[in-house]
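Here's the structure we're looking at; comments come further down.
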Amino acid sequence: MKRYIIITVAAALCAMLAIVFISARPVSDTYAAQQHLKQLGWKTRDIPEETETVVINADAVQYIKMQEEYGYNLKPYLGKPLLRCTFRIKNYPESGAVYANVLIYEGKAVGGDIMTRALDGFMKGLYSKDGTSR
């Protein structure tokens, strides 16, 4: 019985530590991503649909170029781990599911895009709701 209790308590502690460890970084970074979208005029849920660590390499030429067209410079972040936070946009002018991806590095928004997941969808650089670049 003692062994069962010890194993159960140890498993619970490990689970709690894992949750704290996993959520420690994304909480502040996802908040920064959401605030960046808010500054651009986009309304989203408080919690992202998805978060993922991504690495942009120099061979992503089209994506890097698109970022530059919208006022973001990804070159200093090439090869570095970026947190991509994906939020569903609530106030996009057209109907349908539209998402904003924000790339975060050390708590700062460094790039992103607006896109749909539909086969005939689109991907644009991250811009403000009034249609201007960052």
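Quick note: the coordinates plus some simple rules give every number you see, no bench work behind them. Small disclaimer: the values here were computed from a predicted structure and weren't measured. Quick reminder, even Gly has a Cβ in these numbers, built from the backbone with ideal geometry, and neighbours come from all protein chains shown.
A compact table of results
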| quantity | calculated |
| --- | --- |
| For Gly125, distant residues with modelled amide H under 5 Å away | Ile114 |
| Environment charge of Arg88, counting only residues whose C-beta is closer than 15 Å and scoring Lys/Arg +1, Asp/Glu -1 | +2 |
| Residue-by-residue Karplus 3J(HN,Hα) for segment 104-113, coefficients 6.51, -1.76, 1.60, Hz, glycine and proline x | 10, 10, 6, x, 10, 6, 10, x, x, 7 |
| For segment 67-80, 3J(HN,Hα) per residue [Karplus equation, 6.51 cos²θ - 1.76 cosθ + 1.60, θ = phi - 60°, Hz, x = Gly/Pro] | 4, 4, 4, 9, x, 10, 10, 8, 3, x, 10, 4, x, 9 |
| Estimated FRET transfer efficiency (Lys90, Met123; beta-carbon r; R0 22 Å; 0.05) | 0.70 |
| At 1.306 mPa s and 10 °C, Stokes D of segment 88-132 from Kirkwood alpha-carbon radius, µm² per second | 140 µm²/s |
| Hz values of 3J(HN,Hα) by residue in segment 50-59 - Karplus curve (6.51, -1.76, 1.60), Gly and Pro given as x | 7, 9, 7, 7, 10, 10, 8, 9, 4, 7 |
| For Lys80, distant residues with modelled amide H under 5 Å away | Ile56 |
| Residues whose placed amide H lies under 5 Å from that of Thr44, excluding near-sequence neighbours | Lys90 |
